[in-house]
Structure formats: structure tokens, C-alpha cells
Number of protein chains: 4
Amino acid sequence: MQPRNPDFDATVRASFAKQGMMRLLGAEISALEPGHCTLTAPIRPETSQQHGFAHAGLAWTLGDSAAGYSALSLLAPGEEALTTEMKINLLAPAQGSRLVAEGRVIRPGRRLLVVAADIWAEDTASRRHVATMLGTMFAVTPD
Amino acid sequence: MQPRNPDFDATVRASFAKQGMMRLLGAEISALEPGHCTLTAPIRPETSQQHGFAHAGLAWTLGDSAAGYSALSLLAPGEEALTTEMKINLLAPAQGSRLVAEGRVIRPGRRLLVVAADIWAEDTASRRHVATMLGTMFAVTPD
Amino acid sequence: MQPRNPDFDATVRASFAKQGMMRLLGAEISALEPGHCTLTAPIRPETSQQHGFAHAGLAWTLGDSAAGYSALSLLAPGEEALTTEMKINLLAPAQGSRLVAEGRVIRPGRRLLVVAADIWAEDTASRRHVATMLGTMFAVTPD
Amino acid sequence: MQPRNPDFDATVRASFAKQGMMRLLGAEISALEPGHCTLTAPIRPETSQQHGFAHAGLAWTLGDSAAGYSALSLLAPGEEALTTEMKINLLAPAQGSRLVAEGRVIRPGRRLLVVAADIWAEDTASRRHVATMLGTMFAVTPD
């Protein structure tokens, strides 16, 4: 996909740096190209559910941001991507040392961008598909 | 709705206390009865998105837990409620001092429980509907 | 909710009359006011699934149209409501003589309208909640 | 994926033949292997929306059945796949002579199968991605 913002990389990273939530979760951008964004975050006791696995909220939040930034990478300068709706289907317990969320744009509309994300739980020697997401981003121009 | 677990209140609170994620977000149980659970969490810089509003991940995570505990309150002793899938539609920016998530069971099946949650952003003098959620919990008996 | 189109009733009915699918399913408008639309359709062998109950596709299609027309009733003259995304959770087998779909607007945004629908299966003496839906309509001005 | 039912092909086709809705829509099975099922249906005036394109209900119904039969192909003899929930995101107007729905199983759990479907509108010389779906099937043993 062709970016309309030549500085899409800097735009995404500047937005990411402003998200307190990404810092709280220890998330990092591990890959970024037009229409694609991969984020990773450690699985820690602070983000666990009652059995010590990663809370579904960690997977959703990481996947939502990965999908959102895959959309932002395709927008015009000055536009922003807001989540309109996002669904997650959980596939397996999120056990391991970190989560990896791969977000992508399925349909880059002018106003509405349909996005998806797949979430993997990784350990030193394993990689498991733990969730898949499908949603919609809305492109807005803040005043 | 009639609880099958006479100790549903203690069961829900014990599970809640074990969720590192709920502590990280500063969440508390503010109401609990069979088939209904309300959680609240402060809106803080640590859980913000890039404009200082609450991150959608805070709303989703709080709503998912409120819905999940509304389901757990109806299960038999020893059973647990796992999120199978959960969708959120965002209605307005989550601005204010705290989020309130009201979870409820729409259909209490034997294995599958359809659940919903509504999320409100509250301030001293205002209350705004910021998100609505619809999903499915699966009742399991851990070994 | 306040309609912006004084002829919303005629606008909705004219659009409904043009939908081949509504005729094929035998659907009718049974109630219509700003932000609300109720449709009914018979449960017939032609719209069954493999056990003789109404096919989930009948419930989805009726609910989608009920939700869409609840949105259209709030739009400005000349605008149309397109389904962007729509999720259904099925609650019980759709058994009986007819389905009733009650659509409503949860949040009437300028461009995006969050909508919901509840589907009931009715018989002479019974009424059962068989599905619930949550989705998004997009307001467009056709050229 | 390995089928547990050696007669999965006959099982799927027998179930499909009993669906009045599939007949009403003119649907046919065009491909079937374990974990995958492709259905096609003509785009006709009878299944149109108000602009003459295929109604979203045709896409949803075809995609739901394609996904459901991709799940049924993996179940044990005597089991059935029921749709628990299913979301569709619409990508483009469904214009052309027929719809093709490709269903697949993403995660074949013992009780819950996460499924997806992609819908294409085809004409003599074109093929367009018009919708994508994500949902859950529940494996049951009817009495």
C-alpha cells in the first residue's frame, strides 16, 4: 500500500510515544510499514488474569493499537485513526514471555478503514496463535 | 437470576483479587449481584491514549471483566468463565475522572453465556455513555 | 430522538419497498418512529436451516434492516444508511410462526451511527428472545 | 486438518440439502475439504438491497453457512455445528453476477470452533473482496 504521508513512520512513533497506556504495558513497536504495524509487550504478573496468563485486555489493547497504527500509517498528514469498533476472538491461553500483535489494514477506505490483528504468545522456543481481531478505524482531522 | 453458587460473592471477589491487571488499572468492584457486576477504574495519565482520554483498552478491559464476573456469579461452584469473544463499539471520547463498567448476562446458557457491558465516563457533575460491548463467556471446570 | 427529515416515514418505506430481499423474506414494517424500526417476517420452510428452525440468516437480515432503517429515520433528506459492520449473538433456536426484529439507534453520530437490534421468535402464545445484534451504520450522500 | 468423520463430505452435503434457505438463495457448494468450504450464489433482483446490489443479508447468510460447514467437516460423526455469534465487516458494494463465500476454521476446539469467511463478488471478468467475517461455532450432539 502507498502511504499518503511521507513521514508516516515519524507520525506513528510520535503518537505511540504519547500513549500512557503503551508505556504502562511495556509495549514497543517492532515493525512498521504502510498498512502494517507489529507491537510487542511482555507478559508480566501486573498484566495477568486470575491464572497467571496474560489478561485478555492486554491482547485486546495491544492488538487494537497495532491495528490502529497500521491504519494511521496510510492516512494523510494531520489525520488520525480512531477505533470505532473492534472484536476479539480468543484462541488459546496467552502463556509465555511476551505477546506479539500484528496489525494490518484489510480495506483502506477514505473515511473507514477495516483492520485486523493477530496476536501471538511467544516464549524462547514456542509461538502460539492466541487471538484474532477484526475492526474498523475512522479517519478524522482534529481541529 | 438465581445463583447456583451460594458463595458467588466470595468466589467473584477472590478471582478479582488474583487479577494483576485489575490492580494495575486501579479497578474496584462497586456492585455485584447474580448476573450483574459493576467495576470502576480511575482515568489516569498512565492509561491514556495520545490525546489524554482513557485508552480504549481501559474501557475494553474493564468491560470484559465486568461482563465476565456477571457470568461467574451465575456459575456452579468450581466453574470458571472464560472470554470467548468480545466486541466493543466506542460511542464517545472517555473523558472524566473515572470509568464505570456495568456488565450483565443476557442469556445464561449451561456452557455459553451471552453477556453485555456498558461503559460510562464520569466526572463530578457528568456521566457519559462511552462504549457498549457484546460477547460470549464459556463456562469451564479447570482440572 | 428528533428527526432531521420531516418525511422520514415515507423515505424509509420507499427504500424498504425497493429491497428485493425484504420481499423474498416476506418482511413487513410493523413500527417506525425516529431512531426505532420494527420488522416482522414469517418463519417458513423456505427460510429454514437443517432442523426446520429459522435460518440465522433470516434473523441477521431482518435485524440488519431493522437497525438500518432506525438509522435512516434520523438522517437528513437525501442521505442513506449503509451497514459498515454488524454482529449477531444467537440466544435460542428460532422456532415459531414469525420473527420480530426491533432495531434502534444507540448513538446517532453525524457520520457513524451505532445501532442495535433484538430478535424475537413469536407463536400464538409465546415470545422468545432468539438473537441480539450490535453494529455500525455509515451515513452517505449518494451522487 | 484431519477430519474425525470419514464421511464428512456426505454429512455436509446432506445437511446443506436440508436448508430451505440455501435453496431459496440458489446457493451451491463449490468446494469442500476438511476445515474449508466454499459456497456460491447468484446476485439476483430477489436478493437485492435498495440500489440493486446484493443485500448484505445474502453475503452474511452465505458466509455463515460456508463457515459453519467448514466447521462441520471437522466434527465427529453425529455432531452438529451451531453458529454462536458471527460478525461481518462490509468492504465494498456487492455488484456482479454472483457471490462466492470461502469459509475456514481458524481454531478447531473440541466444543468451540473459531471460524472466518471471505466474500467475493464476481463477474465475467472481475472479482472483488466485498466482506470479511469472524465468528464462533459450537459443536453439539442433538438428542
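Can you tell me which residue among B:THR136, B:THR84 is at pLDDT 95 or above, within 13 Å of chain A (Cβ to nearest Cβ), out of contact with any Phe, Trp or Tyr (no Cβ under 7 Å at 6 or more places or on another chain) and assigned to a strand (DSSP E or B)? Spell out the reasoning first.
Numbers: B:THR84 fails: out of contact with any Phe, Trp or Tyr (no Cβ under 7 Å at 6 or more places or on another chain).
The conditions single out B:THR136.
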Would you check which residues across the range B:8-51 are among the acidic types (Asp, Glu) and under 26 Å from B:VAL114 (Cβ atoms) and list them?
B:ASP9, B:GLU28, B:GLU33
Quick one: which of B:SER73, B:SER65 is hydroxyl-bearing (Ser, Thr, Tyr) and farther than 23 Å from A:LYS87 by Cβ?
B:SER73
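For the range A:43-70, which positions are touching a Phe, Trp or Tyr at 6+ places or on another chain (Cβ under 9 Å) and crowded, with 24+ Cβ neighbours inside 10 Å? Talk me through it step by step, then tell me what you get.
Within the range A:43-70, the subset touching a Phe, Trp or Tyr at 6+ places or on another chain (Cβ under 9 Å) is A:43, A:50, A:56-57, A:60-61, A:64-65, A:69.
Listed by number, the residues that qualify are A:ALA56, A:GLY57, A:TRP60, A:THR61, A:ASP64, A:SER65, A:TYR69.
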Any chance the range C:98-105 includes a residue that's facing another protein chain (nearest Cβ under 9 Å), in a strand (DSSP E or B), of a type outside the set (Lys, Arg) and surrounded by fewer than 24 Cβ atoms within 10 Å (Cβ to Cβ)?
no
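If a residue has to be in a strand (DSSP E or B) and away from chain B (no Cβ under 14 Å) to count, how many in the range A:115-132 make the cut?
Here is the first cut: in the range A:115-132, the ones in a strand (DSSP E or B) are A:115-122, A:127-132.
Narrowing the set further to residues that are away from chain B (no Cβ under 14 Å) leaves A:118, A:120-122, A:127-129.
Matching residues across the range A:115-132 total 7.
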How about the range A:94-133: which of its residues are β-branched (Val, Ile, Thr), within 14 Å of the chain's Cα centre (by Cα) and either under 21 Å from A:ARG44 (Cβ atoms) or at pLDDT below 95 (or both)?
A:VAL100, A:ILE119
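Identify all residues within the range A:87-97 that are open to solvent by less than 30 Å² (accessible area, probe 1.4 Å) and within 7 Å of chain B (Cβ to nearest Cβ); write none if there are none.
Filtering the range A:87-97 for residues open to solvent by less than 30 Å² (accessible area, probe 1.4 Å) gives A:87-89, A:91-92, A:94, A:96.
Selection gives A:LYS87, A:ILE88, A:ASN89.
The values are calculated or read from the model by the stated rules, or taken from the named source; none is laboratory data. Computed from a predicted structure; not experimentally measured. Every residue, glycine among them, receives a Cβ derived from its backbone with ideal geometry; neighbour counts consider all protein chains shown. Heavy atoms of the whole protein, side chains included, go into the accessibility calculation; ligands, DNA and RNA do not. Shrake-Rupley method; radii C 1.70, N 1.55, O 1.52, S 1.80 Å.
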